[in-house]
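> Once you've had a glance at the structure underneath, I'll fire off some questions.
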Amino acid sequence: MTVRNRGRKVIVGMSGGVDSSVTAYLLKEEGYEVEGLSFILYEARLKGTFTGCCSIEAINDAQRTAESIGVSHNRLDLRDEFMEKVIDPFIDAYSKGLTPNPCILCNKFIKFPYLLKIASEKGAEFIATGHYARVEGDGFPLLKKGMDLRKDQSYVLYVLKEDELKQLVLPLGYRKKEEVRKIALSLNLPAARRPESQEICFIEDRKYFKLLNNIMPPSEGPIIEAETGKVLGKHKGIHLFTVGQRKRLGISTGKPLYVVRIDPAEKAVYVGPREMALQREFHVVDINWLIRREDFLNTRISELGRQFRATVKVRSMMKDEPATVTVLDRYTARVCFEQAQWAPAPGQSAVFYDGDTVIGGGIIR
């Protein structure tokens, strides 16, 4: 037991997966007073049988894990809040031809605000999750990549605020996934053999279009060849498409085509060869800065162009690539990659890095 942590209370978000289960165990071993908290988010609001993270089945595993390692555990029903803040915006974004990231919405509006709320109510100093990322820094917290770059999840945490980062403990940021799985197996935790969580917890088999088809009425529009303007066919709704998509286009041309643009006003889906889905430049809005912005701007941004060099991710599992970021105002910037990147999709997030430190990020427009 680490003496300096003895009696320091932490609320651990337990989704029922192996990562959050091992997080609770590690913090208990470090001397923290651990209380697990699971959120009921979507079941009975959506059709289907769910087994992924935050499902009732997974939450039951979290309860059993808490009992096996000797910590308390509670559940909080946030289904109404999750519907309002995550699922409804998810559906609305697809109806507008955008590609949202519900994990980021959940972190911003559900997971971390409610972890902090419960921590405050219970007198806990800290909150913790099973994310593979790090929070470091004396006085001012800096969000950094996890040491296991294959599992790094700093991308989905860029929306956090300073007060959330100050209280956040991320023990898995310094460990590799294989080590975490071994710990779970050695302890025979209920989640030890649970498969990796699917990308979107409330969508079965990662087939988001099935959910949207059940909710949204068909709305026909043209599928247009971007290079020629030729109409190649019809679709049943722009909500069924995302930039970079190749499958389920419903057309046959004898050559591979990809969605390169979606026009919600025309209800049109534009398709073209792969190279047309590559982009170097785009705008980013609703930026959340995770550094002391004034200090950073004074030291890194040129006086004339208000530009700085960074590496940028436009999806969670890609490698961040070199780019120039031009700050247009406090919440808006333009990103220009050195090399064109695959299908930056409007509605997704672009996250800026200085080495392994997250500078900030926002929504691609």
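> Can you give the local net charge around Val180? Use residues other than it whose beta-carbon is closer than 11 angstrom to its beta-carbon, Lys and Arg +1, Asp and Glu -1. Intermediate values should be presented prior to the final figure.
Numbers: positive: Lys151, Arg175, Lys176, Lys177, Arg181, Lys182; negative: Asp19, Asp148, Glu178, Glu179.
So the surrounding residues net to +2.
> Rounded, prolate or oblate for the range 22-103? Axes are the square roots of the Cα gyration tensor eigenvalues, ordered a ≥ b ≥ c, and the cut-off for rounded is a/c under 1.5.
Taking the square roots of the gyration eigenvalues as a ≥ b ≥ c, the range 22-103 is prolate.
> Taking the dipole about the Cα centre of the chain, with the C-beta of Lys and Arg at +1 and of Asp and Glu at -1, give me whichever of Thr23, Ala277, Val335 is farthest to the positive side.
With unit charges placed on the Cβ atoms, the residue in question is Ala277.
> So if I take the centroid of the Cα atoms in the range 236-279 and the same for the range 153-179, what is the distance between those two points in Å?
Result: 35 Å between the Cα centres.
> If we restrict to alpha carbons, what Rg and Dmax does the range 1-139 come to, in Å?
16.0, 53
> Okay, moving on. Mean separation of Cα pairs under 8 Å and 6+ residues apart, divided by the residue count of the range 1-144: what relative contact order is that in percent? Intermediate values should be presented prior to the final figure.
Working: 228 pairs, mean separation 41.4, N = 144.
It comes to 29 percent, rounded to a whole number.
> Grab the other residues whose beta carbon is less than 12 angstrom from that of Tyr353, score K and R as +1, D and E as -1, and report the net.
Around Tyr353, the charge tally is 0.
> Another question, if that's okay. Would you rank Lys255, Lys319 by solvent-accessible area, highest first, keeping every protein chain in place and using a 1.4 Å probe?
If we order Lys255, Lys319 from most to least accessible, we get Lys319, Lys255.
> Using 0.36 nm times the number of residues separating Asn60 and Ser120, minus their current alpha carbon distance, what extension gain do you get?
Contour length minus Cα-Cα distance gives 19.1 nm.
> Take the Cα pairs of the chain, get the Kirkwood Rh, then feed it into Stokes-Einstein at 4 °C and 1.567 mPa s and tell me D in µm²/s. Please list the in-between numbers first.
Numbers: Rh = 21.9 Å.
The calculation lands on 59 µm²/s.
> Using a 1.4 Å probe on the protein chains only, how many percent of the accessible area of the chain belongs to carbon and sulfur?
Percent of accessible area from carbon and sulfur atoms in the chain: 49.
> Ratio to report: Rg/Rh of the range 83-241, with Cα atoms as the point set and Rh obtained by the Kirkwood method; give two decimals.
1.08
> Which shape class, rounded, prolate or oblate, goes with the range 317-364 when its Cα gyration tensor gives a ≥ b ≥ c as root eigenvalues, a/c under 1.5 marks rounded, and past that a/b bigger than b/c marks prolate?
rounded
The values are calculated or read from the model by the stated rules, or taken from the named source; none is laboratory data. All of these numbers come straight from a predicted model, not from anything done at the bench. Note: ideal-geometry Cβ built from the backbone for every residue, glycine included; neighbour counts use all protein chains shown. With ligands, DNA and RNA removed, areas are computed over all heavy atoms of the protein, side chains included. Shrake-Rupley method; radii C 1.70, N 1.55, O 1.52, S 1.80 Å.
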